[in-house]
1. Does segment 524-538 contain at least one residue that is open to solvent by 60 Å² or more (accessible area, probe 1.4 Å) and of a type in the set (A, V, I, L, M)?
2. Answer yes if at least one residue in segment 171-185 is in contact with a helix residue (DSSP H, G or I) (Cβ under 8 Å, 6 or more places away or on another chain), in a loop (DSSP other than H, G, I, E, B) and open to solvent by 10 Å² or more (accessible area, probe 1.4 Å), and no otherwise.
3. Hey, any hits in segment 425-440 for a residue that's closer than 27 Å to Gln166 by Cβ and either surrounded by 18 or more Cβ atoms within 10 Å (Cβ to Cβ) or touching a residue at least 24 places away in the same chain (Cβ under 8 Å) (or both)?
4. Can you list residue pairs whose Cβ atoms sit under 7 Å apart, with the first residue in segment 106-126 being closer than 14 Å to Ile233 by Cβ and the second being of a type in the set (S, T, N, Q) and in a loop (DSSP other than H, G, I, E, B)? Count only pairs 6 or more apart in sequence or on different chains.
5. Inside segment 209-221, can you point out the residues that are of a type outside the set (Gly, Ala, Ser) and either under 16 Å from Val191 (Cα atoms) or open to solvent by less than 10 Å² (accessible area, probe 1.4 Å) (or both)?
6. Can you pull out the residues in segment 389-429 that are within 21 Å of Leu451 (Cβ to Cβ) and among the aliphatic types (A, V, I, L, M)?
7. Out of (1) assigned to a helix (DSSP H, G or I); (2) in contact with a helix residue (DSSP H, G or I) (Cβ under 7 Å, 6 or more places away or on another chain); (3) hydrophobic (A, V, I, L, M, F, W, C), the odd one out for Ala468 is which?
8. For segment 497-587, give me every one of the helices (runs of 4 or more DSSP H) that falls completely inside it and has 2 or more residues that are more than 26 Å from Pro374 (Cα to Cα) and out of contact with any Asp or Glu (no Cβ under 7 Å at 6 or more places or on another chain).
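The values are calculated or read from the model by the stated rules, or taken from the named source; none is laboratory data. This structure is a prediction, so every number in the text was calculated from the model and none was measured. Because the Cβ atoms are built from the backbone with ideal geometry, glycine has one as well, and the counts that use them run over all protein chains shown. To get the accessible areas, we keep the full protein, side chains included, count just its heavy atoms, and leave off ligands, DNA and RNA. Shrake-Rupley method; radii C 1.70, N 1.55, O 1.52, S 1.80 Å.
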Amino acid sequence: MTLDTLRQLLPEVEVGPHLVSALLGSSAAAILVLKWMGQRRTQKKMEEARRRRELGLGQMEKAVQQFKQQNPGIQASHILSLSLVELAEKLKEGSLSPESVLYTYMDKALEVTREVNCLRHFIPECEEQLQEVRRQKEKGLLYGVPVSIKDHIGYKGHLSTCGFVQLLSRLEQEDSVMVKVLKRQGAIPFVLTNVPQSLFNYDCSNSIFGQTVNPLNHQKSPGGSSGGEGALIAGGGSVLGFGTDIGGSIRLPSSFCGLCGLKPTGNRLSLSGISGPIDGILSGAVGPMARDVDSLALCMRALLCDDMFRLDPTVPPLAFNEEVYSSSAPLRIGYYDTDGYFLLPPCMRRAVHETKESLQKAGHTLVPFAPPRPDYVMNELFVKGLFADGGSTLLGMFAGDVVDPGLEPQVNCYRIPTLVKKMLALTVRPLFPRLAGYLAALCGVRSKKLLWKQHAQVTAYRMEFIAAWRKLKLDVVLCPVLGPAFTVGYPGKLFAAVSSTMLYNVLNFPAGVVPVTTVTEADEEDLKHYTGHYGDPWDRTLRQAVEGAVGLPVAIQCVALAWQEELCLRFMKEVETLARGRKRRKV
């Protein structure tokens, strides 16, 4: 057939087997050359991005040194020791200057990123914003506060890479609504932080800017996808940061790094100008991360303002409800220590039970609660909703890109042909039913009609969950969150372990994380006997991922119904206060 085709195309030329072989050989060589040239272009783009980052960090360091020389008496340790609430008060009353605070945090951020590689880029325009803040007639609630933002929260003139080489040439044309409102409240965004490639991972590594590690233990991951934020704040290089969350990407770094983080109801804060997989059938959200709950409350108080509602009319005009946040009325609290899909390590379940006992002693009512149909919500709603097209859109993003090693186990799984996934699911179901359900869900939905059905199933599940909640007359729910921090490289092997957090993206409920204790030697000993719910390879991998975590933070998760962020924060504050009380008594 090839010979006949060539004879038709080249009637004047004598076409024989030797010519065909030569042409095929030349074509193969041309393809290899083109592939090599493409790889070389990709490599040059990565090298240029790293060079620009280093230039930015050098510019940052030069500005810090210049300020230090001109202001030798700045008490950096005092500034860094202040909570966000204390810092904001001192800035507003004038006992601290915005300049001293900004350059102190710039200096500390440089120190932290040298250790853990958490910064993606310096924002030099922060010095212009510093002058703009000085000119503001009214001091906003975040007046003079330096803030860090995740890689893909749009900032004019800067990249939103999501860890992809192909996005290295696209500069944001304007600030995201979040950045605009932060500026109007007097905040000074000064750095962009690192993320995992594609954001579909709860480690924090990409082939361009490398691996971010946990400042509490460099063998451990800071979590993801807001891992750069988690590492920077935990290392002391930022007092307030912003992440995004479509399956746990604010809550997991907060859990791994010992921070407080809030995933609000989707669109309680504007998503306009934030790139990447942040909204759709599963409700993504942007939210704050900080060292304590009062910092989160101050942030929400500042952002839920007329500027937010005017700049993005899709955001409901619901101002922060002070009465709910400051209430001391006893709560009726549902609780569980496992979602029934992934049994978390002993320390995470211990944290739930210790918190439950403290809440009971404080006068609250605790009621056992079980999330309905955990396997169904994980596979049929979350995974199938996230990969409705079988992962083709996500895989398209990797075309011509260098897949980060930490993401390879996930990407290789997504690349398995749909028919093979289905056959594998049938084959392994008798031995590994959980893995079979996950593989089947990765095939996505097969038609537009089934996609509509899947949307309806999500709505129906939300109603089912709310009915179970209201039957018990609950105000809030106490539950575990994935942790402690995984060893670097393990998150890519255990995507399904996010079941504890993804549930509240499917439901679109506000959920926050609060650190309450640390991993003990006894926890480590108990971990040796951990077999999980299924005793399958995933359970064994989870045990390996969290080994060697003595002394690392252990957190719990607090949940409220949709649009009740203030109640969620009030509950988080109660948990935080009781946890601090337990810690003081032990000392």
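1. The first filter runs over segment 524-538 and keeps only residues open to solvent by 60 Å² or more (accessible area, probe 1.4 Å), leaving 525-526, 528-529, 531, 533-534.
With the extra rule that they be of a type in the set (A, V, I, L, M), the set shrinks to none.
No: segment 524-538 contains no residue that is open to solvent by 60 Å² or more (accessible area, probe 1.4 Å) and of a type in the set (A, V, I, L, M).
2. In the first step, residues of segment 171-185 are kept if they are in contact with a helix residue (DSSP H, G or I) (Cβ under 8 Å, 6 or more places away or on another chain); the result is 175, 177-178, 180-185.
Cutting the leftovers down to in a loop (DSSP other than H, G, I, E, B) gives us 175, 185.
With open to solvent by 10 Å² or more (accessible area, probe 1.4 Å) added as a condition, the list becomes 175, 185.
Yes, the conditions are met somewhere in segment 171-185.
3. Kept after step one, since they are closer than 27 Å to Gln166 by Cβ, are these residues of segment 425-440: none.
Scanning segment 425-440, I find no residue that is closer than 27 Å to Gln166 by Cβ and either surrounded by 18 or more Cβ atoms within 10 Å (Cβ to Cβ) or touching a residue at least 24 places away in the same chain (Cβ under 8 Å) (or both), so the answer is no.
4. What qualifies is Ala109/Ser238; Val116/Thr212; Cys118/Asn194; Cys118/Thr212; Leu119/Asn194.
5. Phe209, Thr212, Asn214, Lys220
6. As a first pass, look at segment 389-429 and keep what is within 21 Å of Leu451 (Cβ to Cβ): 389-397, 414, 417-419, 421-422, 425.
Once the filter is applied, which keeps residues that are within 21 Å of Leu451 (Cβ to Cβ) and among the aliphatic types (A, V, I, L, M), segment 389-429 yields Leu394, Leu395, Met397, Leu419, Ala425.
7. (2)
8. Details: elements: 499-506, 521-527, 537-546, 565-586.
Where helices (runs of 4 or more DSSP H) fall fully within segment 497-587 and carry at least 2 residues being more than 26 Å from Pro374 (Cα to Cα) and out of contact with any Asp or Glu (no Cβ under 7 Å at 6 or more places or on another chain), they are 521-527, 565-586.
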